[in-house]
Amino acid sequence: MTNALPKLTKAQRAVADAPLGRKCWLEGIAGSGKTSSGIARLLRLLQQGVPAESILLFVPQRSLAQPYREILRDYPGYSGGQLTVHTIGSLAKDMVETFWFLIAERAGFARPQDLPNFLSLEMVQYFMTRAVETLVAQRDYFKSVRIDRARLYSQIADNMNKAALVGFPISEIGTRLQTALGSDVEQTHIYADAQACAIAFREYCLQRNLLDFSLTIELFSQHVLGLPVVRDSLRGRFQHLIADNVEEDNPAAHRFLMSLLPTCQSALVICDHDAGFRRFLGADPESAGRLRQACGSRVTLDSSFVMSDAVAALGAHLSAPLADEAAPAEADFRPALIAAAHRYHPQMIEWVADEIGKLVFEEGIKPQEIAVLAPFMSDALRFSLFESLRRRGLSARSHRPSRALRDEPAARTLLTLARLAHPGWGAAPVQFDLAFALTQSIAGLDLVRAKLLCDVLYRDDGLRPFNGITNTVMQDRITFDIGKRYDQLRDWVAAYSQGEPIAALDIFFRRLYSEVLAQRGFGFHADVNASNISRNLVDSARGFRWSLDFLRHYDEDINLARDYVQMVERGLIANFYLRDWVTEAEDSIYIAPAYTFLLGNRAVDVQFWLNISSEGWSSRLFQPLTHPYVLSRGWQAGAAWSEADEQELERQTLRRLTLALTRRCRKAVYLGYSELGESGYESRGLLLETLHTALRRVYAGADEGAA
């Protein structure tokens, strides 16, 4: 992203140059220049001598502050301290930590004289396992739920987070879910089990000074903000506010902003129309609308700087039937829509790769200006796309948040090699896992030859040298070049395992990555995805070590390395890592789930929508222990969730999704369709039906015009 601010329109300039005493509400569609207006306003404040430390930039997700940071990086007038950037989570953490000793005893912590320990998502899963595993086993909880325990516990944590963000006690979670969704006895029991686990985990945290996200938000909202010293501190510190993407934020954030707005000297609150894609994380566009009334000035930006006329027409024609509206008769979207039907899913993948090759090599579209999107990005779909593009000389990168670390090949490789290098754990890797790790570690090594290496050279005491293969035919088949790099990796692991093991697993991962795997000839060399995952694993292991070092004070029975490896292999869902959202490798096609692309808030020239017949484009992801709409601020307590509610939700979800995608597309949308989907079955989702409706309308209009 360039650091140059684009030329502003008259409306944008009016927002940027507004008097210091003005509080402005700025709204508009995606791509209309709202964030550019916010950046220009920030620069204007700095030019007028406003100290940077008196400005608060408030965003729902840290990555959304990146455009502001990049502009300021080389801005010569940036002085007077450092710009403060906060999400509701980071602000709550800072304030709770600062005023801990004033609130800890009143909040019910068993050791108020000790410091708090703030838990990441990964650590929440670990400690929830310790807190409720025995309870679940003893009382036979969740016996009918068929998901990984890590996913199960993350949904319990999600319920607690929703309660804190909306503002109701965690003791009401089960009742709210049962009233709205408990249509059968078994489902009612599941919600009761989730309620009991939430209360048990909260008690566990209070006894050990552990603060998960939900408890941090509760302390901030119910205890910290009520302190006069805190109110005075916030009023004195933040005189100017820029809050971007407030529609993606939650009621707790909106309550804080409402309390801050009256005391600010100036404010710019920015809202995106037809958005709210973080609803599964508590986003509440309706709650954000309350901020509008607290701003004296209101500006709307309607024109897009992104979409061509044909792409804009495509968005209008797709959204109209979903909102029971008439599509614009004069708008023709056909120049922006390219589609092809195939019988089998692999044929669709090859078509996508062929079309991308034409765009890059014949039409000059930059690879980073192409996004390949699907409702869900499975491992098989991702692998097929990567391989098809690689065969055509194209590179790709992907981003799939909320995935288990163990599902990432780079993380699996490092964990397997850690087992191999630590024989004292008594947990040597199985042969298949080691063969897979070798294919990822050594460039050019396929799984068949890796299995041959393991068959001949893997023993209980570890790997043998390559010269242990006496069969010359097998040596030639594997090749001496592969054998040389195999020996380099094997020698490094052997030398490490024969010495004194490093106490910190994160240091082991970092050394293995930098000294071997990232070197030329090895699998992680020049691989952006592997690099990011490896760094995430290092950060994860370090955070685990720091948290558990803290808990040794409470005489917990903890084995750092053993517990960490077991935790990841159980299906640990990874933390939010900023690098995953801001890394933009040049000459690389972006492959991601559709919502992940939207949360990145960037535009591209061309989008590919895959599996358009899938119901996943409109259907809510089923989560047996939670429901983002029932646990939202806008849901009426005591009401039952009906099939009509679900159908209306699907229509509105697809409407917002198609509008959001087209508003972030400059030139064209390619539709990938196969009669038999990824699983081998036919499907006919709402997106496909909506496309057929739009096409019938356009062709009917064209026929009438010709007549």
Residue-normalised value, i.e. accessible area per residue, for the stretch 372-424 at 1.4 Å probe, in Å², stands at 37
Restricted to pairs 8 or more residues apart or on different chains, the lysines in the chain with C-alpha atoms under 22 Å apart form a number of pairs equal to 11
Per the helix-only model, the chain has a calculated mean residue ellipticity at 222 nm (DSSP H runs of ≥4, -39500 (n - 2.57) each, divided over all residues, rounded to the nearest 500) of -15500 deg cm²/dmol
Taking a crude spin-label model, label points 7 Å out from Cα along the C-beta direction, the Arg391 to Asp17 distance in nm is 5.8
The answer for trypsin sites (Lys or Arg not before Pro) in the stretch 101-164 that fall in a DSSP coil and have at most 15 neighbouring Cβ atoms within 10 Å is Arg106, Lys143, Arg146
Whole-Å distance linking the alpha carbon centroid of the stretch 620-674 with that of the stretch 116-188 is 23
Under the Karplus relation with 6.51, -1.76 and 1.60 and θ = phi - 60°, whole-Hz ³J(HN,Hα) for the stretch 112-118, x at Gly and Pro, equal x, 7, 9, 6, x, 10, 7
Options [x] 27; [y] 33; [z] 20 for percent of Cα pairs over 45 Å apart; the value derived from the coordinates is listed as [x]
Debye calc, one equal point scatterer per Cα of the stretch 154-204, no solvent, log10 I(q)/I(0) at q = 0.12, 0.18, 0.24 1/Å comes to -0.23, -0.51, -0.86
Here the relative contact order (percent) of the chain, from C-alpha pairs under 8 Å and at least 6 apart, is 21
With a ≥ b ≥ c from the Cα gyration tensor eigenvalues, square-rooted, and the rule rounded for a/c under 1.5, otherwise prolate when a/b > b/c and oblate otherwise, the stretch 508-548 is oblate
From the Cα centre of the stretch 237-306 to that of the stretch 355-398, the distance in Å is 36
Yeah, the stretch 168-327 with a ≥ b ≥ c from its alpha-carbon gyration tensor (a/c under 1.5 is rounded, else prolate when a/b outruns b/c, oblate otherwise) is oblate
Using alpha-carbon positions, the gyration tensor of the stretch 260-315 gives root eigenvalues a ≥ b ≥ c; with a/c under 1.5 called rounded, otherwise prolate if a/b exceeds b/c, else oblate, the class is oblate
Over the stretch 605-691, the quotient of the Cα radius of gyration and 2.2 N^0.38 Å is 1.29
Percent antiparallel among DSSP beta bridges confined to the chain, rounded to 5, stands at 10
Residues meeting the amide H criterion for Ile442 (H placed from the backbone, H to H distance under 5 Å, 5 or more places apart or on another chain) are Gly523
Descending packing, highest mean Cβ count within 10 Å first, for 229-239, 441-451 is 441-451, 229-239
Once phi for every residue in the stretch 51-66 is put through the Karplus expression 6.51 cos²θ - 1.76 cosθ + 1.60 (θ = phi - 60°), the whole-Hz ³J(HN,Hα) values, with Gly and Pro written as x, are x, 4, 5, 8, 9, 10, 9, 10, 9, x, 8, 4, 5, 6, 8, 4
On the accessible surface of the chain, probed at 1.4 Å with all protein chains in place, carbon and sulfur together account for a percent value of 50
Cα-Cα pairs in the stretch 397-462 separated by more than 20 Å, as a whole percent of all pairs, come to 32
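The values are calculated or read from the model by the stated rules, or taken from the named source; none is laboratory data. The structure displayed is predicted, hence computed values, not measured ones. Because the Cβ atoms are built from the backbone with ideal geometry, glycine has one as well, and the counts that use them run over all protein chains shown. The area values use the complete protein model at the heavy-atom level, side chains included, leaving out ligands, DNA and RNA. Shrake-Rupley method; radii C 1.70, N 1.55, O 1.52, S 1.80 Å.
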